[in-house]
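Here's the structure, in structure tokens; my notes come after.
No value in this document is a laboratory result; all are computed from the given coordinates. Keep in mind that this is a model prediction, so the values were computed, not measured. Glycine also receives a Cβ, built like all others from the backbone with ideal geometry; neighbour counts cover every protein chain displayed.
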């Protein structure tokens, strides 16, 4: 059977001593943890990534276990190309995969939106890379300032680079041993496959020199992330003639929830909880009921807005705990579907979403079947300077 997995391959085998740190840069501390840990956590948190493989240099095993205890690394080679090849061959020997994202550990701050764009592009292409357009003037250096180089057709190529696994593996296996490659995308292009571009992110800057490491530490304050929790609560009436949406899933029922949007009480409570973690008001602040454009709107738009605001503050969603309060319908048969849908909206693994249901022992409006209430608690990590 051909594997349908998506695997992230992190290349962390370099010596990386140009930063001036006593450790290879991938193990140097940034924002309170080893640089390698940031991108590893970002891939692990993304719902579109099934597994993460890390390639390190021989002799770096002890440092790796300090950074990622309990994880088994792949040992790479002398050059980056050798290390990527080692990682690809390891994946092939353990069942292969459908797609692979190859990433440099020296780019620690990996937004999930970039992963989203890469995976979307892989639906129709064999390879894709994130790029940034050139903003600065470019000129040749000849000891003194030389001629300006036109920048209209130039881009800065970043990682992760995403490929059809069979294509990139074949490109590595057929690459001449005496020829060095700038990156995996060039190897895939030389193999005859097209590589498309998606929008990159300025946070994906590569850390190479001491000034880069100092800049990264300065931006993060060289501190751990601050954990914040906030609660959201919402209630809507059950009425005839409306569809019932709960947790982003349409549920068969003789009544539906009434509200200005689709009245998904679960997603509304969750949106308020998420907004609360960054002190950004409530759902009514961002989507006022008086605005006709939100009449009948799908509530997933509200959740996605809150997630984007958290990402803009470099925050990460750690956990959502959602409780639904109603006599009917029974939530159990739809719990897994809700959990998967919510995890996809939050761009996290389903294990980071908890959904519970309870009744009020037939007391109050929920007990009489007049409505459904929801309570959500969100836990998010944000940089201290945003707190």
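Data table
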item	result
Burial ordering of 283, 325, 382, 226, fewest other beta-carbon atoms within 10 Å first	226, 382, 325, 283
P(r) weight above 14 Å for the stretch 39-91, C-alpha pairs, percent	56
Relative contact order (percent, whole number), the chain, Cα cutoff 8 Å, 6+ residue spacing	16
Relative contact order %, the stretch 226-386, counting alpha carbon pairs below 8 Å whose residues are six or more apart	34
Using distinct alpha-carbon pairs, which all enter the 1/r mean, Kirkwood radius of the chain in Å	23.1
Rounded FRET efficiency, nearest 0.05, which uses the C-beta distance separating residue 226 from residue 370 and R0 of 45 Å	0.65
Potential extension, residue 258-residue 78 segment - 0.36 nm per residue separation minus Cα distance	58.5 nm
DSSP beta bridge pairing in the stretch 306-387, given as percent antiparallel to the nearest 5	60
The chain, helix-only ellipticity at 222 nm - DSSP H runs n ≥ 4, -39,500 (n - 2.57), divided by all residues, nearest 500	-8500 deg cm²/dmol
Ranked list, fewest to most other Cβ atoms within 10 Å of each Cβ, for 104, 50	50, 104
Percentage, to the nearest whole number, of Cα pairs in the stretch 226-386 over 22 Å apart	38
At R0 = 25 Å, FRET efficiency that the Cβ-Cβ distance of residue 98 and residue 197 yields, to 0.05	0.75
Listed residues 77, 332, 248, most fluctuating in the chain (Gaussian network, C-alpha, under 10 Å)	332
Packing-based exposure ordering (other Cβ within 10 Å, fewest first) of 129, 249	249, 129
DSSP-defined beta bridges in the stretch 6-220 - what % are antiparallel, rounded to 5	45
Rounded if a/c under 1.5, otherwise prolate or oblate - the stretch 6-220, Cα gyration tensor axes	rounded
Normalised per residue, the volume of the convex hull around the Cα set of the stretch 287-377 (Å³)	123
Cα long-axis angle, helix 35-45 against the chain (0 to 90 degrees, to the nearest 10)	40
Among beta bridges that DSSP assigns inside the chain, antiparallel share in %, nearest 5	65
